[in-house]
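Read through the structure below, which is laid out as structure tokens, and then see the notes.
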Amino acid sequence: MEDRIRCGKDTGLGRFPSRQFNINTAWLELSLAAGDLIAWTQLLLLDGELATAEPKRLRYQFLHLAARPTRSCRRLRLRISATWSWRNELADAFHRLAALPRPAG
């Protein structure tokens, strides 16, 4: 539990942006959603060290991405630089995401 609280502080729970209650309420909801997204991503899509990595490391490795979005054959693709260190980990995560069963309905 303490680990999730520490991770929550890294995703925005450490400091509220305003003195107004409504703004802080929205901030809290978004911070909790970010923490949930990180937890589910680590559980379902990542393995090895990334499955237990802190949010700072995940932000560094996945959001500082050396890539370019391209279009071909009416599809949007993400062209990742061949020299980027975590190319295989990100590709594996996308393959796992595509392999997840679709929700019914």
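No lab work stands behind these numbers, since they all come straight from the coordinates. Every value quoted in this text rests on a predicted model; they were computed, and no experiment measured them. Glycine gets a Cβ as well: all are built from the backbone with ideal geometry, and neighbour counts include every protein chain shown.
Computed quantities for the displayed model
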quantity	calculated
Test: residue in region 39-60 that is hydrophobic (A, V, I, L, M, F, W, C), in contact with a strand residue (DSSP E or B) (Cβ under 8 Å, 6 or more places away or on another chain) and free of Cβ contacts under 8 Å to residues at least 24 places away in the same chain	no
Single residue of Leu44, Leu32, Leu65, Leu28 found to be under 16 Å from the mean Cα position of the chain (by Cα), among the hydrophobic types (A, V, I, L, M, F, W, C) and over 30 Å from Trp84 (Cβ atoms)	Leu32
Total residues in region 29-38, condition surrounded by 14 or more Cβ atoms within 10 Å (Cβ to Cβ) and not hydroxyl-bearing (Ser, Thr, Tyr)	4
Scan of region 7-25 for residues that are assigned to a helix (DSSP H, G or I) and either surrounded by 13 or more Cβ atoms within 10 Å (Cβ to Cβ) or touching a strand residue (DSSP E or B) at 6+ places or on another chain (Cβ under 8 Å) (or both), ordered by number	Cys7, Gly8, Lys9, Asp10, Thr11, Gly12, Leu13, Asn24
Subset of region 51-105 [in a loop (DSSP other than H, G, I, E, B), among the hydroxyl-bearing types (Ser, Thr, Tyr) and surrounded by 10 or more Cβ atoms within 10 Å (Cβ to Cβ)]	Ser81
